[in-house]
Amino acid sequence: MRRLGPLLIERDPVPSASWVLLVSVGAVVAALIAAAGVFWAFGINPLTAYAAILTGTLNTRAAPEIFRQAVPLLLCGVGLIVAFRAQFWNIGAEGQLLMGAVGATAVALFAPLPAPALIPTMLAAGFLCGALWGVLPAVLRLRLDVNEVITTLMMNYIALFFVGWLIHGPWKGQESFGFAYTDTFPRAAWLPLIGGTRVNWIGLALGVMLAGGLAFLLARTRMGFEIRVLGQNAAAARYAGIDPLRTALGAMMISAGAAGLAGVSEVAGIHHKLLAPDQVSLGYGYAGIIVAWLARGSPLAAILTAVFLGLIYSSGDVVKVSLQMPFRVTDIFNGLILMFLIGSERLLPYRLRWAAERPAGSQAGRDPMVPPRPDTPASRGDGPVRGQEGGR
């Protein structure tokens, strides 16, 4: 226990939801305060910059763009939550997203399917391709104890160059006019948009349903129980008869498959073709880590955190047009938020409470954090000692 003015800092192994929320909000606020230095460096008052961002994004015309950005962030984020709850640190959602886009493109351009079957098959292919891209790191971790942070991260680059090879080589469009992208998908393979916006309602509905479904899976099913136990104590999970390979592999395939759905949402809902990797994804796979971390392991909370990150992404246009700053300033916001969120983990096992009022009397001046000395009347339970003067 420590004292901070009128507050006591105590250890609390199971933090309350209100404390987790307070720490998370504090971390985001601290990150935005730190980001103010970027605006100062460009000679812009941070208060003016933040006011411009809010007014530029939270209006009737621009607000739908927040949800357009939130769709891939939500799909990546809820999937990463499942992997993180199993203590499998999947940093490869970016590559899994790209492989989901590849799967959807293969179906849209080359599968001889009737029009009504195109979209369901594209979604299934995207999920499967993303999930399979996550199998190898999982097997390497579980069988050979290879660090999954390294393997999932490196496989992002394999996926990136694989997509680049496809759009420059065998899948290059006949009408690309020298640019690197595929032919346009047939109209039946386009995900429908909410009228007048770039938000595809299938991707949005999938994200929300996936968040609800995974929340139910983690809280109410045997598989969810096994994932939670494995994440909390792998040795206890083995002792309880839980198969670590099967459980972690299942969690990883769900995580990677959800990122693959984000890739389908982008190529079929926004671009209608496979483009260069940095155009298919604006770093959604990496930002999904922030969505998952800010949600603190709750798939339902990821809906809110994805919208918040969508706000940051959509503010890039305001930063570029109104403030004359690079669009990629939003990456600084994302990096600072993740850094402060990780740092705030140290605060979660503690809680703050007001120090109790000290009673009047002999102990009124004593610090409650310091126990009474054994030879004091307070420690013996005696009343005041009378007649003791000087050395007597």
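The values are calculated or read from the model by the stated rules, or taken from the named source; none is laboratory data. Keep in mind it's a predicted model, so treat the numbers as computed, not measured. Positions of Cβ are backbone-derived with ideal geometry, glycine not excepted, and every protein chain shown enters the neighbour counts.
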- Message: Here is a check on your reading of the model: is residue 35 within 22 Å of residue 341 (Cα to Cα) and surrounded by fewer than 24 Cβ atoms within 10 Å (Cβ to Cβ)?
- Response: yes
query: Does the stretch 275-287 include one or more residues that are more than 16 Å from the chain's Cα centre (by Cα) and charged (D, E, K, R)?
result: yes
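A quick yes/no check of all residues on (1) more than 48 Å from the chain's Cα centre (by Cα); (2) modelled with pLDDT of 85 or more:
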position: 317; (1), (2): no, no
position: 340; (1), (2): no, yes
position: 347; (1), (2): no, yes
position: 374; (1), (2): yes, no
- prompt: Hey, any hits in the stretch 4-22 for a residue that's surrounded by 12 or more Cβ atoms within 10 Å (Cβ to Cβ), under 26 Å from residue 335 (Cα atoms) and of a type in the set (Val, Ile, Thr)?
  reply: yes
request  = Confirm whether residue 89 is on the phi < 0 side of the Ramachandran plot, part of a loop (DSSP other than H, G, I, E, B), in contact (Cβ under 8 Å) with a residue 60 or more places away in the chain and surrounded by fewer than 24 Cβ atoms within 10 Å (Cβ to Cβ).
outcome  = yes
Before we move on, is residue 268 farther than 30 Å from residue 175 by Cβ, touching a helix residue (DSSP H, G or I) at 6+ places or on another chain (Cβ under 6 Å), touching a residue at least 12 places away in the same chain (Cβ under 8 Å) and surrounded by 24 or more Cβ atoms within 10 Å (Cβ to Cβ)?
-> no
Cβ pairs under 7 Å, 6+ apart or interchain, first in the stretch 187-212 and within 27 Å of residue 295 (Cβ to Cβ), second among the polar types (S, T, N, Q) and outside any helix (DSSP H, G or I), ordered by first then second residue, are 191/200; 193/200
- Query: Do the conditions hold for residue 102, that is, is it in a helix (DSSP H, G or I), farther than 20 Å from residue 210 by Cβ and either touching an Asp or Glu at 6+ places or on another chain (Cβ under 8 Å) or β-branched (Val, Ile, Thr) (or both)?
  - Reply: yes
* Asked: In this structure, does residue 193 turn out to be among the hydrophobic types (A, V, I, L, M, F, W, C) and surrounded by fewer than 18 Cβ atoms within 10 Å (Cβ to Cβ)?
  -> yes
Of those in the stretch 204-252 that are not in a helix (DSSP H, G or I) and not small (Gly, Ala, Ser), the residue modelled with the highest pLDDT is 221
It is to be established whether one or more residues within the stretch 322-329 are hydrophobic (A, V, I, L, M, F, W, C) and buried (at least 23 other Cβ atoms within 10 Å of the Cβ).
no
Scanning the stretch 233-252 for residues that are over 16 Å from residue 85 (Cβ atoms) and touching a residue at least 60 places away in the same chain (Cβ under 8 Å) gives 245
Checked the stretch 143-157 for anything on the phi < 0 side of the Ramachandran plot, out of contact with any helix residue (DSSP H, G or I) (no Cβ under 7 Å at 6 or more places or on another chain) and surrounded by fewer than 18 Cβ atoms within 10 Å (Cβ to Cβ); matches are 143, 144, 147, 149, 150, 154, 157
Quick count over the stretch 108-128, residues being assigned to a helix (DSSP H, G or I) and either in contact with a strand residue (DSSP E or B) (Cβ under 7 Å, 6 or more places away or on another chain) or surrounded by fewer than 24 Cβ atoms within 10 Å (Cβ to Cβ) (or both), is 13
